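Working notes, structure below.
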Amino acid sequence: MKILVLPGDGIGPEITRATLEVLRAADAALSLGLEFETREIGLAALATHGTTLPPEVLSRIPEVDGVILGPVSHYEYPPRERGGINPSSELRVRFELYANIRPCRSRQAFSILRKPMDLVIVRENTESLYSGIEHEVVPGVIESLNGGFVVMKLDTRNTQPQPEAPIRRIGLRKLIVCRGSAFPILRTKKFVSLLGGVFSFDSCRTDG
């Protein structure tokens, strides 16, 4: 089984190394026949190939059995026309990875749950805010739209900051019950670089 390893940026290489240690140990114990091949993406690839997602990486993916993709620092990338492609969202769309499937099962010896849990969470992976469709309506006003709703961010960094606190508090309360979108919106800078940070954990803590 051939596995393509894409370490990514920031903490990505560190996480990837730990992941490979676990997989190599499992391979040694269970004779899984794993073969690992590492390719550069992200900022490292931008410096050497002029793009954060080289064409040879994209062409290699269909030829292997699986891919390990580390976190990427998409918010540090240049515009797409200058090579700044978000590998995470690009791979999701290109290879139709529209469902994020997360099985959750409790283990009797390692659980604090009162009742056993066997749950599978299926999350949309390519639409709504994850589509990355956004634009600047007028200077300082960012609009992100898809999936049937619109989110707008008024950039008050260079104006009066007073209105931000109540807007964030109200917005956060509303988003918690709005189509399960509260948490993607809290940390969407990975996918929507302009809108990212409209509701931040730090600001919510500060504002109460």
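The values are calculated or read from the model by the stated rules, or taken from the named source; none is laboratory data. Everything numeric here is computed off the predicted structure, so don't read it as measured data. Here Cβ is always computed from backbone atoms with ideal geometry, including for glycine, and neighbour counts include all displayed protein chains.
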>> Suppose we keep only residues that are crowded, with 16+ Cβ neighbours inside 10 Å and among the β-branched types (Val, Ile, Thr) within region 43-60. Which one would you say is farthest from Ile85 (Cα to Cα)?
In response: Val57
> Of all the helices (runs of 4 or more DSSP H) wholly in region 1-119, which have at least 2 residues that are free of Cβ contacts under 8 Å to residues at least 12 places away in the same chain?
Replying inline: 12-30, 42-49, 55-60
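In region 68-106, which residues are within 14 Å of Pro7 (Cα to Cα) and among the hydrophobic types (A, V, I, L, M, F, W, C)?
Of all residues in region 68-106, those within 14 Å of Pro7 (Cα to Cα) come to 68-74, 86-88.
Those that are within 14 Å of Pro7 (Cα to Cα) and among the hydrophobic types (A, V, I, L, M, F, W, C): Ile68, Leu69, Val72.
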>> Quick check on region 16-42: of everything there that is crowded, with 17+ Cβ neighbours inside 10 Å and of a type in the set (A, V, I, L, M), which residue is nearest to Phe95 (Cα to Cα)?
In response: Ile41
> Can you pull out the residues in region 62-78 that are buried (at least 16 other Cβ atoms within 10 Å of the Cβ) and aliphatic (A, V, I, L, M)?
Replying inline: Val67, Ile68, Leu69, Val72
> Only one of (1) of a type outside the set (Phe, Trp, Tyr); (2) farther than 23 Å from Thr126 by Cα; (3) modelled with pLDDT of 95 or more fails for Leu6. Which number is that?
Replying inline: (2)
